[in-house]
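Here's the structure we're looking at; comments come further down.
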Amino acid sequence: MNTPDLIHTRMKRLRLVSILEGTTLLLLLVVAVPLKHVANIPLAVSLLGPVHGVAFLLYLSVVFRVVSMGGWNGLDIARMILAAFIPFGAFINAPFMRRKEADLVRIFNERTPGHPAR
């Protein structure tokens with residue numbers, strides 16, 4: 001059963017993993033790829049590529065876990081997934097995730113009379 005504490009914990013994890021994924025994407029695009037193509041140092045992409053791949057898969061798994069709690073529409077889900085493909089998407093999406101957390105807690109409190117608001 002979802003509770004405000006569980007919602008908060010999962011959304012906090014989602015925000016953290018989102019920042020991790022977004023940071024690795026930026027490092028890959030801004031540091032590793034230019035090093036490979038401009039300085040002829042392919043090692044940077046060889047190292048950072050798999051790190052970003054793992055961060056991306058972790059992000060998707062956390063998104064699906066959070067979405068499975070309910071309260072998400074198709075547009076919100078698409079936004080979360082699309083943000084992972086756009087440089088700075090994770091950082092632009094951070095305020096949305098905070099608002100979504102507040103909405104999920106509000107929905108929980110409306111559906112659970114007598115439960116103390118958080």
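Computed from the coordinates by the stated procedures, all read-outs in this text should not be read as laboratory data. All values derive from a computational prediction rather than experimental measurement. Every residue, glycine among them, receives a Cβ derived from its backbone with ideal geometry; neighbour counts consider all protein chains shown.
Within the stretch 30-51, residues that are among the polar types (S, T, N, Q) have Cβ atoms under 6 Å from residues that are surrounded by fewer than 16 Cβ atoms within 10 Å (Cβ to Cβ) and outside any helix (DSSP H, G or I) in no pair, counting only partners at least 6 apart in sequence or on another chain. Limited to the stretch 19-29, what total is found for residues that are free of Cβ contacts under 8 Å to residues at least 60 places away in the same chain, hydrophobic (A, V, I, L, M, F, W, C) and either over 22 Å from Ile7 (Cβ atoms) or in a loop (DSSP other than H, G, I, E, B) (or both)? Going through the stretch 19-29 one residue at a time, the tally reaches 3. So, Ile81, is that one without any contact (Cβ under 8 Å) to a residue 12 or more places away in the chain and surrounded by 12 or more Cβ atoms within 10 Å (Cβ to Cβ) or not? Answer is no for this residue.
When you check Pro4 against the structure, is it under 17 Å from Ile107 (Cβ atoms), of a type outside the set (Lys, Arg) and touching a Lys or Arg at 6+ places or on another chain (Cβ under 9 Å), yes or no? In short, yes. The listed residues are Arg111, Arg13, Arg65, Arg98, and the only one of them that is free of Cβ contacts under 8 Å to residues at least 40 places away in the same chain and of a type in the set (D, E, K, R) turns out to be Arg111. Going through (1) in contact (Cβ under 8 Å) with a residue 24 or more places away in the chain; (2) surrounded by 12 or more Cβ atoms within 10 Å (Cβ to Cβ) one by one, Phe88 falls short only on (2).
Of all the residues in the stretch 62-111, those that are over 17 Å from Arg10 (Cβ atoms), in a helix (DSSP H, G or I) and over 14 Å from the mean Cα position of the chain (by Cα) number 4.
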